[in-house]
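Here the structure is laid out as structure tokens; the discussion comes afterwards.
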Amino acid sequence: MALHAERARLADRWGFAALWLRDVPLYDPDFGDAGQVFDPFPYLGYLASVTDRAALGTAAVALPLHHPAHVAKMTATVDRLSGGRLILGVASGDRPMEFPVFGADRGRRAELLREGVRTLRSLWGRNEVIEGSGLQVLPTPEGDGVPIVLAGRGGQHLEWIAGHMDGYFTYHRTPDAMISVASPWHEAVREAHGAHSVFRPLMTTMLVDLLGDARAPMTPMRFGARLGREALISYLRALGASGVSHVAVNLRPSQRPVEEVIEELGTHVLPEFPLPAQDPPHAHPTHLGKTAVRGS
């Protein structure tokens with residue numbers, strides 16, 4: 001983590017669309033993945049001060065492990081400090097050992113997720129924490145509220161996700177395999193919102209080991225690929241054609257210096273996937289058209 005701020009600034013300067021952080025409260029040596037070392041909310045506040053353009057997203061906050069009122073306050077605070085750049089990714093939690101520590105009922109995690117989302121939106125609308133108490137959460141977010149996206153299914157029906165979320169973050173799949181996820185998602189959005197013209201992006205992640213040879217062919221690996229930049233561009237285009245709107249690139253397996261890879265992506269790959277010219281780069285997750293660096 002020694003160079004995390006410099007790398008965030010570098011990604012921001014090159015025009016990456018977003019920086020994504022995880023929420024893993026506890027380290028379990030038996031699980032084999034420390035997740036993210038820094039707590040996401042103070043870390044997001046810090047990143048807001050060292051970046052200017054990139055959206056700041058969580059992928060994702062394990063909502064059943066947190067009190068919704070506290071999440072509402074932390075989220076709105078970071079959204080205000082960042083000038084409305086926050087995207088709140090939420091999930092039901094996937095590490096069983098965390099639930100008893102936080103006094104959460106793992107068996108109710110899908111229900112707690114739905115309740116948490118409903119409470120967040122209510123509190124951001126200046127409703128009372130407890131009806132009749134006069135107690136409210138301050139501040140409120142910029143604009144109409146913080147976009148909320150769901151990472152994984154969270155035990156929810158696709159119809160509920162389409163009707164209540166501003167986007168859907170799914171695990172990485174090859175472009176051909178992604179079609180079976182993207183098509184039902186976009187159809188569910190159309191059915192949920194009827195004749196209203198709305199767009200809810202399908203978002204995904206991708207582990208990338210970018211090779212020094214720009215023409216190196218793709219070698220698949222779990223949740224991503226080892227490849228040169230020309231193959232990466234083709235791969236991202238294929239994901240877009242399958243119905244994906246945003247890819248969070250995870251450079252954890254990179255064999256080259258991260259700074260070098262960010263510069264190559266910024267120089268040669270991002271120009272192939274421009275953001276809509278009429279929209280600011282961090283306005284809403286539906287406008288995330290470029291590749292993003294996922295925080296780790």
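One table, with the values for the structure above:
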quantity: For region 1-62, the spread of Cα positions along each principal axis, largest first, Å; calculated: 38, 23, 17
quantity: J(HN,Hα) series, region 23-37, from Karplus relation 6.51 cos²θ - 1.76 cosθ + 1.60, nearest Hz, glycine and proline x; calculated: 10, 10, x, 10, 9, 10, x, 6, 6, x, 8, 6, x, 10, 6
quantity: Charge dipole (the chain, unit charges on Cβ, about Cα centre) - positive-most of A151, G32, A225; calculated: A225
quantity: Order by protection proxy (mean Cβ within 10 Å, highest first), peptides 71-77, 224-230; calculated: 71-77, 224-230
quantity: Hydrodynamic radius by Kirkwood, which averages 1/r over all alpha carbon pairs of the chain, in angstrom; calculated: 19.6
quantity: Cα centroid separation, region 16-75 to region 133-194 (Å); calculated: 18
quantity: Degrees, to the nearest 10: 229-242 long Cα axis against longest axis of the chain; calculated: 40
quantity: Compactness of region 12-170, expressed as Rg and Dmax over alpha-carbon positions, Å; calculated: 15.5, 49
quantity: Kirkwood hydrodynamic radius of region 163-232, from inverse mean 1/r over distinct Cα pairs, in Å; calculated: 13.9
quantity: For the chain: relative contact order, % (alpha-carbon pairs under 8 angstrom, 6 or more apart); calculated: 21
quantity: Degrees separating the helix 4-14 axis from the principal Cα axis of the chain, which is the longest one; calculated: 70
quantity: Cα centroid of region 241-275 to Cα centroid of region 103-117, whole Å; calculated: 34
quantity: Farthest positive-ward along the chain dipole, Cα basis, beta-carbon charges - from A72, A59, T119; calculated: A59
quantity: 5 angstrom amide H check on A18, placed H, neighbours 5+ away; calculated: A55, V293
quantity: Where trypsin sites (Lys or Arg not before Pro) fall in DSSP loop in region 87-128, at most 15 other Cβ within 10 Å; calculated: R126
quantity: Pairs of alpha carbons in region 192-243 whose separation is greater than 19 Å (percent); calculated: 39
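All of the numbers you see were taken from the coordinates with simple rules; none came from a lab. These figures come from a predicted structure and were not determined experimentally. Ideal geometry is used to build each Cβ from the backbone, glycine not excepted, and the neighbour counts take in all protein chains shown.
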